[in-house]
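Novice: For reference, the structure I am asking about is given below.
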Amino acid sequence: SESLIATVVLVANPVFFVLGFSFMTDVPFVSFASVAFFFVTRGLSRKSPSQIYLSCIFAACALFIRQIAVAIPASLLLYFLFTPSHRSWRYLLPTSGICLLFFLSPILIAQIFGVTSASKSLTTWVIDFWLHRYTQAVPGLLRIFIHTGLALFPLSMPIVTSVYRRPLFWVVVAALSILTACSMLIAGEIPNVQDGMWQLNTLGRERHLLQGSPARDFLPPWLNPPLFVLSLFSSAVVIVKVVDVILAGIGNPIGLFVLYGSIQFALIMVLWFFGPWGSDRYSMVLFPPMIIILTNSQIKAKVVALAGI
């Protein structure tokens, strides 16, 4: 039942749902990455290096969909290095090989197919953001937290009763509140939780695919403040659970997903994938590892989770 609820949380997420009907690569990438980690966890539980090889094949498929798949072998390699029981060539050889493929693939693609205009301008674009548009960093970081927290609240709310008495939880809530205040000073407004693809008509409206007058928003504007507060508390729960896994040691099996989520989060920040047009879409890669971390200790209040979904 935990596996079913965790899967439905991802599939019923508005961003995942809407992108499933588009040409965007987010859903195929998340799918192949999830299959790769399925074989990783099976290989670790059965101590079968052949399963690790299978995971590398699916990770390579994810790479040719989106290059941020480099986080898969990178997290695997770090996990094997941190875990003495798996620090052997049976595990390190396939992971090192797929890492080498990942780093060479951009060169091979450029040699075979040529360099695209987007690839040529990527470095200039990133540097331009770092030097001239750094004020977008704080609102962008806050958007990542609120979109991730809102997407995962069906799983975080059943856990809140076990963490709200801890000082760490309220420290995180205070830090997120300070981040919100800084974002309001910079952007001049509270971020709209319902922006991006949380509205069903977003893709059609932005790409001029809808004819006639635009459809009204699915959710009323007055829902934004309570949803914003809910998303902050949900994000605080997620952060506390991630900290718990780190304190328990990255060498435990759930530590692999903390490493993967951390690398993906770093890629989002470094590549500045948090513009107002795509923050919720690019942060979707964080959902599967965070779902696994939240459901690690089982879902005790399943009725609450189902109601959230």
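The values are calculated or read from the model by the stated rules, or taken from the named source; none is laboratory data. Keep in mind the model is a prediction, meaning the values are calculated, not measured. Neighbour counts run over all protein chains shown; Cβ positions are idealised from the backbone, glycine included. Side chains included, ligands, DNA and RNA excluded: accessible areas come from the protein's heavy atoms. Shrake-Rupley method; radii C 1.70, N 1.55, O 1.52, S 1.80 Å.
Novice: Two decimals is fine: what is log10 I(q)/I(0) at q = 0.12, 0.14, 0.18, 0.21 Å⁻¹ for the range 1-117, from a Debye sum with one equal scatterer on every Cα and no solvent?
Specialist: Here log10 of I(q) over I(0) equals -0.51, -0.68, -0.98, -1.14.
Novice: Give a residue-ordered list of calculated ³J(HN,Hα) values for the range 140-152 (Karplus: 6.51 cos²θ - 1.76 cosθ + 1.60, θ = phi - 60°; whole Hz; x for Gly, Pro).
Specialist: Calculated HN-Hα couplings, in order: x, 4, 5, 4, 4, 5, 6, 5, 5, x, 5, 5, 9 Hz.
Novice: Still on this structure: Using a Gaussian network model of the chain whose springs link C-alpha atoms within less than 10 Å, name the residue from H147, H132, H86 with the highest mean-square fluctuation.
Specialist: H132
Novice: Between S235, S105, S75, where does the largest GNM mean-square fluctuation fall for the chain, given springs only between Cα atoms within less than 10 Å?
Specialist: Highest fluctuation of the listed residues: S105.
Novice: Over all directions, how big on average is the projection of the convex hull of the alpha-carbon atoms in the range 148-198, in square nanometres?
Specialist: 4.3
Novice: Taking θ = phi - 60°, what integer Hz values does the Karplus form 6.51 cos²θ - 1.76 cosθ + 1.60 yield along the range 57-65, in sequence order, with x for Gly and Pro?
Specialist: My calculation for the range 57-65 gives 5, 6, 5, 5, 4, 5, 4, 7, 8 Hz in order.
Novice: Running a GNM on the chain with Cα contacts under 10 Å, which residue among R281, R133, R66 ends up with the highest mean-square fluctuation?
Specialist: R133
Novice: Mind checking which of F21, V40, S85 is farthest towards the positive end of the range 1-103's charge dipole, using Cβ charges of +1 (Lys, Arg) and -1 (Asp, Glu) about the Cα centre?
Specialist: So the residue we want is S85.
Novice: Specify which residue in the list W130, A110, Y164 is farthest towards the positive end of the charge dipole of the chain, using unit charges on the beta carbon of Lys, Arg (+1) and Asp, Glu (-1), about the Cα centre.
Specialist: Going by the charge dipole, the pick is Y164.
Novice: At 1.4 Å probe size, with every protein chain present, just tell me what the per residue accessible area of the range 1-112 comes to in Å².
Specialist: 50
Novice: Could you tell me what a quarter of the Cα convex hull surface of the chain works out to, in nm² with one decimal place?
Specialist: 17.7
Novice: What whole-number distance in Å separates the alpha-carbon centres of the range 1-35 and the range 141-167?
Specialist: When both Cα centres are located, 19 Å separates them.
Novice: Oh, and also: Per residue of the chain, what 222 nm ellipticity follows from adding -39500 (n - 2.57) for every DSSP H run with n ≥ 4, rounded to the nearest 500?
Specialist: Mean residue ellipticity, 222 nm, calculated: -22000 deg cm²/dmol.
Novice: State to the nearest 20 debye the size of the charge dipole of the chain about its Cα centre, where the only charges are +1 on K and R beta carbons and -1 on D and E beta carbons.
Specialist: It comes to approximately 660 debye.
Novice: Okay, next question. In percent, what relative contact order does the chain have, based on Cα pairs under 8 Å that are 6 or more apart in sequence?
Specialist: Reported as a whole number, the value is 28 percent.
Novice: Which net charge results for the neighbourhood of L10, defined as the other residues with beta-carbon distances under 15 angstrom from its beta-carbon, given Lys and Arg at +1 and Asp and Glu at -1?
Specialist: -2
Novice: The range 50-145: Rg/Rh from Cα coordinates, Kirkwood Rh?
Specialist: Taking Rh as the inverse mean 1/r over Cα pairs, Rg/Rh reads 1.09.
Novice: Using DSSP to call loops (not H, G, I, E or B), can you name the chymotrypsin sites (Phe, Trp or Tyr not before Pro) in the range 1-103 whose Cβ has at most 10 other Cβ atoms within 10 angstrom?
Specialist: F21, F23
Novice: Can you tell me the FRET efficiency between S96 and H132 if r is taken as the Cβ-Cβ distance and R0 is 30 Å, rounded to the nearest 0.05?
Specialist: Calculated transfer efficiency: 0.20.
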